[in-house]
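J.: Attaching a single structure in structure tokens format; questions to follow.
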Amino acid sequence: MSQPRAKIAIIGGGPGGYEAALVAAQLGAEVTVVERDGLGGACVLTDCVPSKTLIATSGMMAGLEEASVLGIRINSDGNEADLLDAPRLYARVRALARAQSADVASRLSAEGVKVIAGPGRLIGPRLVATGDIEIEADAVLVATGAEPRVLAGAEPDGERILTWRQLYDLDELPEQLIVVGSGVTGAEFASAYQALGSQVTLISSRDRVLPHEDADAAMVVEEVFRRRGMTVLGHSRAELVTRTSTGVIVTLLDGRTVAGTHCLLTVGMVPNTRGLGLAEAGIMVDDHGFVQVDKVSRTSAPGVYAAGDCTGVLMLASVAAMQGRIAMWHALGEAVKPLRLSHVAATIFTEPEIAKVGVPEQAVASGQIADAIVVKLPLATNARAKMQGFRDGFVKLIAQRSSGTVLGGVIVAPRASELILAVSLAVERLLTVDHLAQTFSVYPSLSGSVTEAARRLMQPVERADG
Ligand SMILES: Cc1cc2nc3c(=O)[nH]c(=O)nc-3n(C[C@H](O)[C@H](O)[C@H](O)COP(=O)(O)OP(=O)(O)OC[C@H]3O[C@@H](n4cnc5c(N)ncnc54)[C@H](O)[C@@H]3O)c2cc1C
């Protein structure tokens, strides 16, 4: 006699939710996803996918800035905004997001996942409700994501004072864009709009942009920002954003003001966990409302799992998806490896990009990781970089001194997101600098700097062995 199919209910159809649904369906479960706004979630509809589509265009514009160096004459008066068709760009961004969402919908439908449109909530530990429908499940996954944090005194109006989710409804390129917040989202949009032709002012409350990232990498990016004409205001906290007849005024905590045509707020995220019935179901959240989970995505309520931005573990689509998959493997009795954040590869899509994986150099500097060696190889000496006309960036590798095992790396380069895989693979598979150094890279290529950096680390390892 065959066993009855396990029933899974998922609230939220972003990467945390839909990737979980695919795994659960593959394992033979009867899966229902309740999604309020659209499949693919904020990731596909408003955040990751639209921003990277915008950056595909801004990256090309940034490349054009170097065109004359490469012997290309562009018929423009040097003003990038002339080259840009903003309505078309935004239409492309919106269309691509819709198409990606439709792809997710077809994939789920092909796997037999039932999707119900509407807001869902828990009305019992394993009971989800949406409208008058009740879904009883053996396991529930909460994957409701997060939304932009709003500053009191800087409420977005969707016209001049904006969150990144409202950018793509504009019908023009902001002439003077003030970006509040210099974390990953702020830096990415500041970089993109600068390249697209806006005059950008970046307001950072810290001493540098990207305060949580590798300091050398952040310095390169900030230097490029300034060189390209961006105004970067460090140690500046925005307190108030007000509308004027022609734009916006941002008032800083110390009384200074910054004027522009538009203001983009990138000051963090708050989890979508209110009104979900979590407390009633015995699910613990932290002081900021993020669902507390362990490394296999379990919440404090038996049978209820949570994944993605609503847990605040690491706000990346790849992490959300992995948390969701792990939840389903665990719930459905499969062998499962706990989430390992130290192996997550991530990229900041500025121009140039910053890609990173594994142990950060700061952990070595602070003594948290002992017995480590670090090498930083500037890309300026790389033949391919010279041919392509760029000089900003580097490859940094971190390895264990005694064994040579690669612990981490940072790459700052155009398309660093594509280059980091070799280092990521080394970290995941515990490869040594010798393994990397003895691997063929193409000549000329930027990845040649990864193998070269590994070669630079071989000497001390040999000495340590000897
Ligand atoms: C500007 C920006 C750029 C980013 N770029 C990248 C990137 O390049 N790479 C990367 O890895 N990550 C990126 N991220 C992060 C990434 O978008 C998130 O980590 C990812 O979206 C998290 O997935 P999720 O499934 O947890 O949430 P979401 O994608 O937010 O999906 C949650 C879904 O739940 C739904 N929902 C909420 N409440 C309910 C309810 N009560 N009932 C039913 N449905 C509900 C929402 O409508 C939403 O569709 C970016 C984020 C931002 C802000």
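J.: I need the full set of residues from the stretch 163-180 which are surrounded by fewer than 24 Cβ atoms within 10 Å (Cβ to Cβ) and under 25 Å from Met315 (Cα atoms), in order please.
T.: Keep residues of the stretch 163-180 that are surrounded by fewer than 24 Cβ atoms within 10 Å (Cβ to Cβ), which gives 163-173, 175-176.
Within the stretch 163-180, Thr163, Trp164, Arg165, Gln166, Leu167, Tyr168, Asp169 meet the criteria.
J.: Of the residues that make up the stretch 265-276, is at least one touching a strand residue (DSSP E or B) at 6+ places or on another chain (Cβ under 7 Å), more than 19 Å from Trp164 (Cα to Cα) and crowded, with 22+ Cβ neighbours inside 10 Å? Before you say what the answer is, go through the steps one by one.
T.: The initial filter retains those residues of the stretch 265-276 that are touching a strand residue (DSSP E or B) at 6+ places or on another chain (Cβ under 7 Å), namely 265-267, 269-273, 275-276.
Imposing the further condition that a residue be more than 19 Å from Trp164 (Cα to Cα) reduces the set to 273, 275-276.
Now drop any that are not crowded, with 22+ Cβ neighbours inside 10 Å, which leaves 273, 276.
Yes, that holds for at least one residue.
J.: Can you pull out every residue in the stretch 386-416 that is of a type in the set (A, V, I, L, M, F, W, C) and touching a strand residue (DSSP E or B) at 6+ places or on another chain (Cβ under 6 Å)? First the steps, then the outcome.
T.: Here is the first cut: in the stretch 386-416, the ones of a type in the set (A, V, I, L, M, F, W, C) are 387, 390, 394-395, 397-399, 406-407, 410-413, 416.
Within the stretch 386-416, Phe394, Val395, Leu397, Ile398, Ala399, Val406, Leu407, Val410, Ile411, Val412, Ala416 qualify.
J.: What is the residue count in the stretch 344-389 for residues that are touching an Asp or Glu at 6+ places or on another chain (Cβ under 7 Å) and part of a loop (DSSP other than H, G, I, E, B)? Working first, answer last.
T.: Initial filter on the stretch 344-389 (touching an Asp or Glu at 6+ places or on another chain (Cβ under 7 Å)): 347-350, 352, 354, 356, 360-361, 374, 376-377, 389.
Next cut, part of a loop (DSSP other than H, G, I, E, B) only: 349-350, 352, 360, 389.
Result for the stretch 344-389: 5.
J.: Can Met322 be described as closer than 17 Å to Val23 by Cβ and open to solvent by 20 Å² or more (accessible area, probe 1.4 Å)?
T.: Working: closer than 17 Å to Val23 by Cβ: yes; open to solvent by 20 Å² or more (accessible area, probe 1.4 Å): yes.
Here the answer is yes, as Met322 does meet what is asked.
J.: Answer yes if at least one residue in the stretch 75-85 is hydrophobic (A, V, I, L, M, F, W, C) and either touching a Phe, Trp or Tyr at 6+ places or on another chain (Cβ under 9 Å) or within 11 Å of the ligand (Cβ to nearest atom) (or both), and no otherwise.
T.: no
Conditions (1) more than 27 Å from Ala195 (Cα to Cα); (2) open to solvent by less than 20 Å² (accessible area, probe 1.4 Å), marked per residue:
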| residue | (1), (2) |
| --- | --- |
| Gly367 | yes, no |
| Leu377 | no, yes |
| Ala385 | no, yes |
| Val395 | no, yes |
| Gly404 | yes, yes |
| Ala416 | no, yes |
| His435 | yes, no |
| Gly448 | yes, yes |
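J.: Still on this model: Whether any residue in the stretch 304-315 is near the ligand (Cβ under 9 Å from one of its atoms), assigned to a loop (DSSP other than H, G, I, E, B) and open to solvent by 10 Å² or more (accessible area, probe 1.4 Å) is what I want to check.
T.: There is at least one residue in the stretch 304-315 that is near the ligand (Cβ under 9 Å from one of its atoms), assigned to a loop (DSSP other than H, G, I, E, B) and open to solvent by 10 Å² or more (accessible area, probe 1.4 Å).
J.: Oh, and also: Which of the residues belonging to the stretch 125-154 are more than 25 Å from Tyr305 (Cβ to Cβ), away from the ligand (no atom under 15 Å from the Cβ) and either touching a Gly at 6+ places or on another chain (Cβ under 6 Å) or touching a residue at least 40 places away in the same chain (Cβ under 8 Å) (or both)?
T.: Of everything in the stretch 125-154, those that are more than 25 Å from Tyr305 (Cβ to Cβ), away from the ligand (no atom under 15 Å from the Cβ) and either touching a Gly at 6+ places or on another chain (Cβ under 6 Å) or touching a residue at least 40 places away in the same chain (Cβ under 8 Å) (or both) turn out to be Leu151, Gly153, Ala154.
J.: Restricting attention to strands (runs of 3 or more DSSP E) lying wholly within the stretch 167-249, give those where 2 or more residues are polar (S, T, N, Q). Working first, answer last.
T.: Working: elements: 176-180, 199-203, 231-233, 238-243.
Per the criteria, 199-203.
J.: Please determine, by comparing only the residues of the stretch 8-31 that are surrounded by fewer than 23 Cβ atoms within 10 Å (Cβ to Cβ) and of a type outside the set (A, V, I, L, M, F, W, C), which one is farthest from the ligand (Cβ to nearest atom).
T.: Ranking the candidates gives Gly28 first.
J.: Taking the condition of being surrounded by 22 or more Cβ atoms within 10 Å (Cβ to Cβ) and within 25 Å of the chain's Cα centre (by Cα), how many residues in the stretch 277-303 meet it?
T.: Result for the stretch 277-303: 4.
J.: Give the residue that is nearest to the ligand (Cβ to nearest atom), with candidates limited to residues of the stretch 33-45 that are in contact (Cβ under 8 Å) with a residue 24 or more places away in the chain and surrounded by fewer than 24 Cβ atoms within 10 Å (Cβ to Cβ). Full working, then the answer.
T.: Quick first cut of the stretch 33-45, residues in contact (Cβ under 8 Å) with a residue 24 or more places away in the chain only: 33-36, 38-45.
Cutting the leftovers down to surrounded by fewer than 24 Cβ atoms within 10 Å (Cβ to Cβ) gives us 36, 38, 45.
Numbers: Arg36: 4, Gly38: 6, Leu45: 7 Å.
The extreme case among them is Arg36.
The values are calculated or read from the model by the stated rules, or taken from the named source; none is laboratory data. Please read these numbers as outputs of a predicted model, since none were measured by experiment. With ideal geometry, Cβ positions are generated from the backbone for all residues, glycine too; neighbour counts draw on all protein chains shown. Protein only, heavy atoms only, side chains kept; ligands, DNA and RNA dropped before computing areas. Shrake-Rupley method; radii C 1.70, N 1.55, O 1.52, S 1.80 Å.
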